[in-house]
Amino acid sequence: MTEILFVEVTANRLEFRVCELAERIYARGERLQILAPDSSQASRLDDLLWTFRPDSFIPHGLLEPAKADPAFPVVITTRQEPVPGIRHLLMLELASLEFMRSFVEVIHFVVVDNRERREASRRYWVQLREAGFTLRHQKL
């Protein structure tokens, strides 16, 4: 059963928090897929994963058609297509229930200082609960 963690974050800390959680998951020896809403944010995350902390090293790559090896420990995508062998997902946009069922753990970010995104996350929580997912919440 897929467990979904709703993590509260402010808009200005979102990408940094993605990197922190990616680092933790990678440190546990797990592979991770990051779902970005567009190629611009995917590129920013690609750069930030190399630089967000001077002592950090997170091998990763962008997985766009013919651009990266899906064997990277951390793969950044813009499509809701599971990468084979990956059981953890960080998502920066809402994803379909079918897509999320491909993972053991999914992390959804609740952007608390953006009313529209916060309300969308509340509706998403209800939808996921009704669909039978295991849900947890982590405050700021």
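Rule-based calculations on the coordinates, nothing more; no lab input. The structure displayed is predicted, hence computed values, not measured ones. FYI the Cβ positions are ideal-geometry reconstructions off the backbone, even for glycines, and counts take in every protein chain you see.
For semi-axes √(5λ) of the Cα gyration tensor in Å, computed directly from the structure shown, the correct entry in [x] 21, 20, 18; [y] 35, 16, 12; [z] 23, 18, 14 is [z]. Using R0 = 35 Å, the C-beta based FRET efficiency linking Arg129 and Trp50 works out to 0.40. Residues whose amide H falls under 5 Å from that of Ile34, counting only those 5 or more places apart or on a different chain, are Val75, Ile76, Thr77, Leu90, with hydrogens built in the peptide plane. Calculated mean residue ellipticity, 222 nm, the chain: -10500 deg cm²/dmol, from DSSP H runs (n ≥ 4) at -39500 (n - 2.57) each, averaged per residue and rounded to 500. When the chain is described by a simple charge dipole with +1 on each Lys and Arg Cβ and -1 on each Asp and Glu Cβ, the residue from Phe72, Thr134, Pro82 located farthest towards its positive end is Thr134.
For the options Val126, Val110, Val75, a Gaussian network treatment of the chain with springs between C-alpha atoms closer than 10 Å singles out Val126 as fluctuating the most.
Full extension of the chain between Ser40 and Ala11 yields a length gain of 8.8 nm, computed as 0.36 nm times the residue separation minus the alpha carbon distance.
Principal-axis analysis of the Cα atoms of the chain puts helix 39-51 at an angle of about 60° to the longest axis.
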